[in-house]
Amino acid sequence: MSDTTPTHAPPSAIPDPSRISTRDLTDCLRLGWRDFTRAPLYGILFSVFYVLGGLVMYSIFAASAAEYWFIPIAVGFPILAPFAATGLYEVSRRLEAAEPLGPRLVLGIVFAQKDRQLPSMAMFVVLVFMFWVFIAHTIFALFFGLQPMVGSVWSMLFSANGLLMLAIGSLVGGIMAAVFFALTVVSLPLILDREVDFITAMITSFGCVTANPVTMALWAALIAAGLFLGMLPLFLGLFIALPVFGHASWHLYRKVLRDPQ
């Protein structure tokens, strides 16, 4: 078997979810930072597409004086971010198993996913992201669709009408984000690691979240805050935030779905 062909456990080998604590989250972040510093080029490589994509999209909206349309895309960014981590999961897996690293090996695994369940998962994620953008634009139109744009974007958003819109949008977005997080936090590394269909992977991920609701909610908040802060300085912080959380997510998967000893 070649180095670019993953060895997968059968679907029946998926263990039951383990209970994890906030100490485990700290350990995952520590291990994520360790993996990033041991193989930083992979983190930078997989992050550059998101950084450049964000800058290009913002430039397009700014050039048309419609920066406010970029807000729902930025808020929904964490929906797409896990796909930047697909290659990072493989890097962490190889570091964990003391297997050789190399661009051909890691990228070979990533490209091999086209024949497995990742495309189906990608379609699901893109549809969710598009649905969120549609909902966000609809909420915006309900509050500001018939009003002329007067003043800056920030003065509009922090008006009484804007604050109400942000409150309702945050509530709707929070509910969507919580459900989406529960379905994907474990499913993506699980699909990479084991031969399992994406529906089973999402059900397993949801079970891991319901087994650890408080800890997983804290993990979701940490990811959202980290990615948001990473986007502030011209998206450049994502060069660190994406790789660290990507590697850390692999270690979270390994902790919550521990193989029987």
Filtered residues of the range 223-241 (kept if closer than 21 Å to Ala182 by Cβ, surrounded by 15 or more Cβ atoms within 10 Å (Cβ to Cβ) and of a type outside the set (Val, Ile, Thr)): Ala224, Gly226, Leu227, Phe228
Qualifying residue in the range 56-72 (condition: at pLDDT 70 or above and closer than 30 Å to Asp197 by Cβ): no
Where a residue in the range 27-48 is without any contact (Cβ under 8 Å) to a residue 24 or more places away in the chain and its partner, wherever it lies, is surrounded by fewer than 14 Cβ atoms within 10 Å (Cβ to Cβ), with Cβ under 9 Å and at least six apart: Leu41/Pro103
Meets criteria (without any contact (Cβ under 8 Å) to a residue 60 or more places away in the chain and either under 19 Å from Tyr50 (Cβ atoms) or assigned to a helix (DSSP H, G or I) (or both)) for Gly230: yes
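This table checks each residue for (1) part of a loop (DSSP other than H, G, I, E, B); (2) touching a Pro at 6+ places or on another chain (Cβ under 9 Å); (3) in contact (Cβ under 8 Å) with a residue 60 or more places away in the chain; (4) within 21 Å of Val125 (Cα to Cα).
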| residue | (1), (2), (3), (4) |
| --- | --- |
| Phe206 | no, no, no, yes |
| Leu218 | no, no, yes, no |
| Ala221 | no, no, no, yes |
| Phe235 | yes, no, yes, no |
Filtered residues of the range 102-111 (kept if more than 20 Å from the chain's Cα centre (by Cα) and crowded, with 16+ Cβ neighbours inside 10 Å): Leu105, Gly108
Criterion violated by Ile20 - all others in (1) assigned to a helix (DSSP H, G or I); (2) closer than 17 Å to Leu218 by Cα satisfied: (1)
Scan of the range 191-201 for residues that are surrounded by fewer than 22 Cβ atoms within 10 Å (Cβ to Cβ) and either under 20 Å from Phe245 (Cα atoms) or at pLDDT 90 or above (or both), ordered by number: Asp193, Ile199, Thr200
Residue match in the range 38-50 (condition: over 20 Å from Asp259 (Cβ atoms), assigned to a helix (DSSP H, G or I), out of contact with any Asp or Glu (no Cβ under 6 Å at 6 or more places or on another chain) and modelled with pLDDT under 80): yes
Leu183 within 19 Å of Val126 (Cβ to Cβ), modelled with pLDDT of 85 or more and touching a Phe, Trp or Tyr at 6+ places or on another chain (Cβ under 8 Å): yes
Long-range neighbours under 8 Å by Cβ, at least six apart or interchain, first residue at pLDDT 65 or above and assigned to a helix (DSSP H, G or I) within the range 80-96, second among the basic types (Lys, Arg) and surrounded by fewer than 24 Cβ atoms within 10 Å (Cβ to Cβ): Leu95/Arg38; Glu96/Arg254
Yes/no for Val172 being in a helix (DSSP H, G or I), over 29 Å from Phe36 (Cβ atoms) and free of Cβ contacts under 8 Å to residues at least 60 places away in the same chain: yes
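The values are calculated or read from the model by the stated rules, or taken from the named source; none is laboratory data. Just so it is clear, the structure is predicted and the values come from calculations on it, not from any experiment. FYI the Cβ positions are ideal-geometry reconstructions off the backbone, even for glycines, and counts take in every protein chain you see.
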